[in-house]
Amino acid sequence: MRLVLLGFLLSLLTACTQNPEWTLFYYPDEPQIPADAELSEHISGYYGTSEQCLLKGAGMVKLSNSGIGSYQCGHLCVAKEQNGLSCQTYLDSLIPTSD
């Protein structure tokens with residue numbers, strides 16, 4: 001019985017320590033994502049899925065006083081040595097854009 005309880009507790013701890021894979025970057029009152037923006041200054045949350053991240057960004061724009069803003073979600077972002085961030089990929093739409 002104790003072994004089962006210990007296993008259950010360990011599984012709970014593991015579930016609580018999962019790292020979110022998506023980082024939301026929000027730019028209030030900016031109609032487009034600024035090219036020179038410092039990502040670390042615009043972090044607005046961490047999410048488990050790209051859809052959660054993008055929906056939160058869209059909701060923040062919708063609820064802003066001006067109704068203007070832009071956002072993007074970075075996948076697997078890590079800190080760089082020079083106080084910045086680097087992400088493997090970026091999304092700014094739920095619908096893929098074609099070029």
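The values are calculated or read from the model by the stated rules, or taken from the named source; none is laboratory data. Because the structure is a prediction, the values reported are computed rather than measured. All Cβ positions, glycine included, derive from the backbone under ideal geometry; neighbour counts span all protein chains shown. Ligands, DNA and RNA are stripped out before the accessible areas are found, and what is left, the full protein with its side chains, is counted by its heavy atoms. Shrake-Rupley method; radii C 1.70, N 1.55, O 1.52, S 1.80 Å.
For first residues located in the stretch 81-94 and acidic (Asp, Glu), partners that are outside any loop (DSSP other than H, G, I, E, B) and lie 6+ apart or on another chain with Cβ distances below 7 Å form the pairs Asp92/Tyr71; Asp92/Gln72. When Glu21, Glu51 are checked against the criterion of being open to solvent by 100 Å² or more (accessible area, probe 1.4 Å) and modelled with pLDDT of 90 or more, a single residue qualifies: Glu51. If you go through the stretch 59-86 and keep only what is open to solvent by 40 Å² or more (accessible area, probe 1.4 Å) and in a helix (DSSP H, G or I), you end up with Met60, Lys62, Leu63. Quick check: is even one residue across the stretch 35-43 in a loop (DSSP other than H, G, I, E, B), at pLDDT below 90 and surrounded by 10 or more Cβ atoms within 10 Å (Cβ to Cβ)? Yes, the stretch 35-43 contains at least one residue that is in a loop (DSSP other than H, G, I, E, B), at pLDDT below 90 and surrounded by 10 or more Cβ atoms within 10 Å (Cβ to Cβ).
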